[in-house]
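Following: one structure in C-alpha cells, then a few remarks.
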Amino acid sequence: MAKKNGKPSKSALIREYLKKHKKAKAKEVVEALAGDGVKVTEGLVYMQKGQLKGRRQRRAKIVRAARATKANGDPVALIRDVKALAVRAGGYGKLKDLVDALGD
C-alpha cells in the first residue's frame, strides 16, 4: 500500500523482501532494507512474518480438514471441500467464474 507521498510503506517493503527470501531472519531483513535506505526495526519484521505465517496456517488448516473428511453424503464435508477448492482457485469469486465457464 502506498503512502500519501507515493512511497510504499515499511511493512509493504518487508513483505516484498520476505516473499523473495522466505528463510530470511529478522536481522537480515533489517540489514538489507537499511542498505536500501529504509530504517525498520526487528519487531516490525517479526510482526510481518507472523502475519504471513498466520495466513499460510489458516489456508493449510482448511485444506487439511477437507482432505481428512470424505464427502460420502456428509454435507459438512462437502462444504469443507468447496471451501478448500475456493482457496486453491484464489477465492470464491474466481471459483464462481470457473464454474460459470464450465456451464457455458
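Every number in this text was worked out from the coordinates using simple rules, so none of it is lab data. Being a predicted model, the structure only gives us computed values, none of them experimental. Here the Cβ positions follow ideal geometry from the backbone for every residue, glycine too, while neighbour counts run over all protein chains shown.
A few notes on this one:
- With respect to the chain, whose longest principal axis is taken over its alpha-carbon atoms, helix 26-35 is tilted by about 60°.
- Structure-derived P(r) over Cα pairs in 10 Å bins from 0, in percent: which label, when the choices are (i) 15, 46, 24, 10, 4, 1; (ii) 13, 29, 24, 21, 11, 2; (iii) 14, 49, 30, 7, 0: (ii)
- As a calculated quantity, the FRET efficiency between A68 and K96 at R0 = 35 Å, using C-beta atoms, amounts to about 0.85.
- Taking Cα atoms only, the orientation of helix 75-89 departs from the longest principal axis of the chain by about 40 degrees.
- Computing FRET efficiency as 1/(1 + (r/R0)^6) for A77 and K53, where r is the C-beta to C-beta distance and R0 is 30 Å, gives about 0.65.
- Segment A12..E31, full-extension length gain: 5.2 nm, with 0.36 nm per residue of separation and the alpha-carbon distance subtracted.
- Exposure proxy for I79, I14, I62: other Cβ atoms within 10 Å of each Cβ, ordered fewest to most, give I79, I62, I14.
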